[in-house]
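A short worksheet on the structure shown next.
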Amino acid sequence: MSGIVATIIAKYNYWIYICLMMIGLYAMITKRNLIKKIVGMNIFQTAIILFYVSIGAKRGGTIPIIEHAHGGQSHAVEAVHYINPLPHVLMLTAIVVAVATLGVALALAIRIYNRYRTLEEDEILSRIRGS
Amino acid sequence: MSHHFPALLVIAPLLSAFFISGAGWLNRRFCLPLAVASLGVAGLSALSLFWRVVQQGPVLYRLGGWDPPWGIAYAVDFLNAPVLVLICIVALLNLWASHRQVEEQFKEKTGAFYTLYVLMVTGLLGITVTGDAFNLYVLLEIASLSGYGLIAMGEDRAPLATLNYVYMGTIGACFYLLGIGYLYIVTGSLNMADIARILPGLYENKAVLTALIICLVGLWLKMAFFPLHVWLPNAYTFAPVPSAALIAPLMTKVMVYVMIRLMLTVFTPGYVFSTLGINDAVVWFAVIAIVMGAILALGQRDLKKMISYIIVAEVGYMVGGAWLGNRAGMTGAILHIINDALMTLCLFLAVAAITYRMKSYTFSSLKGLIRKMPFTMGAFILGGLSIIGVPPTCGFFSKWYLITGALQAGHYGFMAALLFSSLVNVVLFFRIIEIGFFEPFNEGHGHGEHGPEPMNEAPLSILVPLWIVALGLVVVGVYTSEIITHVLQFAIPKAIL
Amino acid sequence: METVFSIKPLLAVLVSVAAVPFLIWSRNPNTRETWTFAAAFVKFGIVLSMLPAVLSGTQIVCKVAQVMPGMAIAFRVDALGMLFALVSSSLWIVTSAYSIGYMRGLNEHGQTRYFCFFALALSATIGVAFAANLFTLYLFYEMLSFATYPLVTHHQDQEARSSGRKYLLYIVGTSIGLVLPAMITAYALGGTLEFSTKGFLAGTGSPALLTALLFLFVFGFAKAAVMPLHSWLPAAMVAPTPVSALLHAVAVVKVGVFSVVRVITGVFGIDLLQSLHLSPVLTAVASVTILVGSFVALSQDNLKRLLAFSTIAQLSYIVLGLGLLSPKGMTGGILHIAMHAFGKITLFFCAGAIFVATGKKNISEMVGIGRRMPVTMSAFFLGSLSIIGVPPCGGFISKWYLVTGTLEANQMPILFVLLASSLLNAAYFMPVVYRAFFCTPEEALFENRVQEAPLFCVGPPVITAAISIILLFYPQPFFRLAESAVRAITGG
């Protein structure tokens, strides 16, 4: 029992992102309001971003910026002291993608609102069927 | 210069997108020539790369000169070279056929439309040519986002359909990203060839299995594999026809290509087929996809919805064929990427012609259409025959390989599903032919002349590309042997029997 | 046996396809009809020009395209194919003449479309005749199915629509659902689809599998109208009579039965079938169709439907002849392809002529018509004699060979089937002829105003009836071709 608890605690980052993903999915699937769905989508994407960032962390590692001594001499760099920068780089791209998707989704929501005067999915559907 | 073609493929359309956007502000008439020029450059690069691959073998290009796995590598081999050519051809033919409709339908938004169009092609070309898993995600999202924009430009139900597509597409892409993340954790690399090199020692690791499954689910969402297809019919139906004619032939097929790329290059067939043991289950899912796609298509009352469900069934063909686990099935699946793209393009261009004249695409507006628009319906029928699988159109040959693969694998359910789908397609297309041919009814038996309906054909700008594609279906069919012996044969690793 | 490479088979197929643009863009109907005749004569000429070579034992081959590794679209002209091609191309000329009379006599609509699809259908027929392998045969078989759909549904009314559906269901449904998997399985088993004199399936699979395969082919080629997949044929009688005459008495149905013959001889081979003891099975299936078809024909009042059921029965004579697996039986079966064609087309032409002249379709309304249309009914009489199989018409020869083939193969029950069906044929034909000619003036349903149908409607049946008679006394070249084909199949 304690072994499982220890595993859960040791890998807490994975559990956090799983929870966030599930929250995001839950919101997307069950909520009827378009904005809430979009928010859920964003939470989902953020969870994945968090996951990636977390895998780059190291115990005792520091920010991955190389400091140059004055006079331009560089020390030998030992990667083990720095946290992995690659996931951060990848996630910069992913954040941009998430923002772009958010923008597109909100623009669509605005158009839908202008057309149907509501943001509730069931009302929209009934208006479509009614009209 | 030709050394840089793999990069030029992606960069030319990407940069021109900015210029088109600018041109859209200044003078709308520059948009189309710019789009054609950039796609033409991409097309020429694709063709030359294809030629080089066939003559000399796979081409590897390092972006910025950085060696993989630190740099991004673009790799053109026998699997993606034909797909690159296919994308460019489809994009250019569609531009030719649709530009008139674009100028009429999107007067103020011409610049926006062409920008998104070119961006989408950028994304698709990049997905196909890249050898880096994360780069693929980036380009996938470029393609998807521009696709959302293109679809949302349609009629009044389009924004809602697009929003639903946004939800599901984003989940799909995020799953793919997650899977890549898992792979990164266990291998430390993002380069596909590199991952393939490192993975064999790790096959027992549950993370690898999870990575594959998550990536697959994500890709299945994006390619509309039943039951994850629900976004597709509405999205393709309410999209404006010029957009649908670009997206429908290409998006799902390129996703199938990515799946096959993962199966063959990254995870290697040995792992996917033998260690994993899920291929039987996947093929059964494909069977359900084919059957449900066929049945749902039967229930539709308008042309675009019907074709959308046919696409869902066709995706089932490709997924099932790839997962059969033998050479014939895989050949059939890859061949079907090419064939299905062409068939779908043919059908959607015919719909474009019909919508141009009839302003509608429901079945009831098709009455007497064979007399009014004989050339359009002729090409439509040719496309239909290809979907049914009548020789010598290309659809027959991919079906041949798929059925052969099913027989070899002993998967009679898949074969039965393929035959069932062919028969349902006969019903689907002849229903339309009946409406076009028989209705409206005259009293009596039609002896003597009814007042002949004047022929009201679509303009040449739609008809010529439409017929190029329709005849291309027959030409590609007859040349299947060439395609297979010179290209596809080498795309499939010898490990698959 | 030498083989010669020549482009003639391809030309023979393509001639009528090439004529289509000219047909579409003709300025007036006479030009259009001229193009049809030109194409028909050229096609017949090309086919005829290959006859001497085939008779001397050479085979003419032509490879068009390699479409898949191991499979090509290719033609091979041998005796069997030549026989079929001669029959269909010669009868196209006659039918074109008849079509002119019929379509103009009834002032039909859509004549250009009619002639175009007719030309395409004939292309496909010659393609099937000359096919060198099962794939090419399948290709042209499918082309024929789709080319004949607009012809069957020509009248574009409700009845045509539902008949068209039935047509498609039976013909395309079976070719995709039964023949395609069978073909792929045969390819997987034998490694090839080329027709060879000994078949290519020997020793490749279990008896159960091969038997199942044979059934898939025999029933899959539904154009052969083997029961229970025969219902499309009576339904297709809604088509204009020239369509019924050429296509459903000669081209379409003969394509079906020809394909079955090719499969039996070129894919399976006589020896394999004999070792699998499939001869009794084949003859049994054929016999059922013959007897049931003849019985149902007895009960029909609509003349064309009667002829349709008669065709169904007659087609199975051919299957029966092949199923006997004896040289004389097979000769009779193959010869019947030709004899039945000429006889049946005469009957259909007459039915159409009657419709053009009087508007009548049912036999009960045709009492006393012999007085008014003596030429037509005489031709009808001669055609029916050929079908029944008595002199002075050519059908006698094929029946004779079928009977002696039965004795040769020692299948006595089949002898009974042949004799019984001949009696049934007489039973449904003779009353029609009798009541047309011999009846009291009160029973006669026609005023003096009824006259013979137009020349173009009466000429063709007279010609084909005359040919039927000539064929009894001089059955060449069909007889030599049939014998040559059987010799090739049995290997000497």
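A few notes on this one:
- Separation between Cα centres of region B:232-259 and region C:198-252, rounded to whole Å: 41 Å
- 10 Å binning of all Cα-Cα separations within region A:18-131, expressed as whole percents from 0 upward: 13, 28, 23, 16, 11, 7, 2, 0
- Each Cα pair under 8 Å and six or more residues apart adds its sequence gap; the mean of these over the residue count of chain C is a relative contact order of 15 percent.
- Among C:353-360, C:251-258, A:9-16, the peptide with the highest mean count of other Cβ atoms within 10 Å heads the list, and the full ranking is C:251-258, C:353-360, A:9-16.
- Cα-based reach from A:LYS31 at 15 Å (exclusive), listing aspartates and glutamates while leaving out same-chain residues under 8 positions away: A:GLU120, A:GLU121, A:ASP122, A:GLU123
- Violating pairs (Cα-Cα greater than 18 angstrom) within the set A:LYS37/B:LYS305; B:LYS304/B:LYS367; B:LYS206/B:LYS494: A:LYS37/B:LYS305; B:LYS206/B:LYS494
- Remark: region A:42-57, residue by residue, has Karplus-estimated 3J(HN,Hα) of 5, 4, 4, 5, 4, 4, 5, 4, 4, 4, 4, 4, 5, 6, x, 6 Hz, where x stands for each Gly or Pro and the curve is 6.51 cos²θ - 1.76 cosθ + 1.60 at θ = phi - 60°.
- Overall, the protein assembly as shown carries a charge dipole of about 680 debye about its Cα centre when +1 sits on the Cβ of Lys and Arg and -1 on the Cβ of Asp and Glu, all other atoms neutral.
- Between C:ILE469, C:THR331, C:THR358, the Cα set farthest toward the positive side of the dipole of region C:278-492 (charges on each charged residue's Cβ, about the Cα centre) is that of C:THR331.
- Remark on region C:278-492: hydrodynamic radius 17.5 angstrom, per the Kirkwood mean of 1/r across alpha carbon pairs.
- Peptides ranked, highest mean first, by Cβ atoms within 10 Å: ranges B:463-470, B:430-437: B:463-470, B:430-437
- Residue by residue along B:156-168, Cβ atoms of other protein chains within 10 Å of the local Cβ number 6 on average.
- Cα point-scatterer Debye curve for chain C, base-10 log of I(q)/I(0) at q = 0.10 Å⁻¹: -0.69
- Region B:276-425 - percent relative contact order, Cα under 8 Å, separation 6 or more: 30 percent
- Residue among B:ILE432, B:VAL478, B:LEU488 farthest towards the positive dipole end of region B:278-497, charges placed on Cβ: B:LEU488
- Within 10 Å of the Cβ of each residue in A:96-102, the mean number of Cβ atoms contributed by other protein chains is 5.
- Per-residue average of Cβ from other chains inside 10 Å of B:390-397: 5
- Taking Cβ atoms as reference points and 11 Å as the exclusive limit, the residues near B:PRO242 contribute a net charge of -1, counting Lys and Arg as +1 and Asp and Glu as -1.
- With N counted as the residues of the protein assembly as shown, its alpha-carbon radius of gyration over 2.2 N^0.38 Å works out to 1.07.
- With θ taken as phi - 60° and the Karplus curve 6.51 cos²θ - 1.76 cosθ + 1.60 applied, the whole-hertz 3J(HN,Hα) list for region C:382-389 is 5, x, 5, 4, 5, 5, 5, x Hz, x standing for glycine and proline.
- For C:ASN133, distant residues with modelled amide H under 5 Å away: C:ALA74, C:PHE195
- Amide H contacts of C:ALA65 (H built 1.01 Å from N, under 5 Å, at least 5 apart or other chain): C:ILE73
- Highest average first, the peptides C:123-135, C:398-410 ordered by how many other beta carbon atoms sit within 10 Å of their residues are C:123-135, C:398-410.
- Total charge dipole magnitude, region B:278-497, about the Cα centre, Cβ charges on Lys, Arg, Asp, Glu only, Debye to nearest 20: 280 debye
- Fewest-first sequence of C:TRP25, B:TRP96 by Cβ atoms within 10 Å of each Cβ: C:TRP25, B:TRP96
- Averaging Cα coordinates gives a centre for region C:118-188 and one for region B:283-335; these two points are 25 Å apart.
- Positive-end residue, region B:122-228 charge dipole about Cα centroid, Cβ charges, pick of B:PRO200, B:ILE214, B:LEU124: B:PRO200
- Our summary gives chain B a relative contact order of 15 percent, counting only alpha carbon pairs under 8 angstrom and 6 or more residues apart.
- Among residues other than C:ALA235 with Cβ under 12 Å from its Cβ, the summed charge is +4 (Lys and Arg +1, Asp and Glu -1).
- Separation of region C:57-71 and region B:169-217, taken as the distance between their Cα centroids, equals 49 angstrom.
- Around C:ALA72: net Lys/Arg minus Asp/Glu count, Cβ-Cβ under 15 Å: 0
- Its Cα centre serving as origin, chain B has a Cβ charge dipole (Lys and Arg +1, Asp and Glu -1) of approximately 220 debye.
Read the figures in this text as sums done on the coordinates, not as results from a lab. No experiment lies behind these values; they were computed from the predicted model shown. Cβ coordinates were reconstructed from backbone atoms using ideal geometry, including for glycine residues, and neighbour counts include every protein chain displayed.
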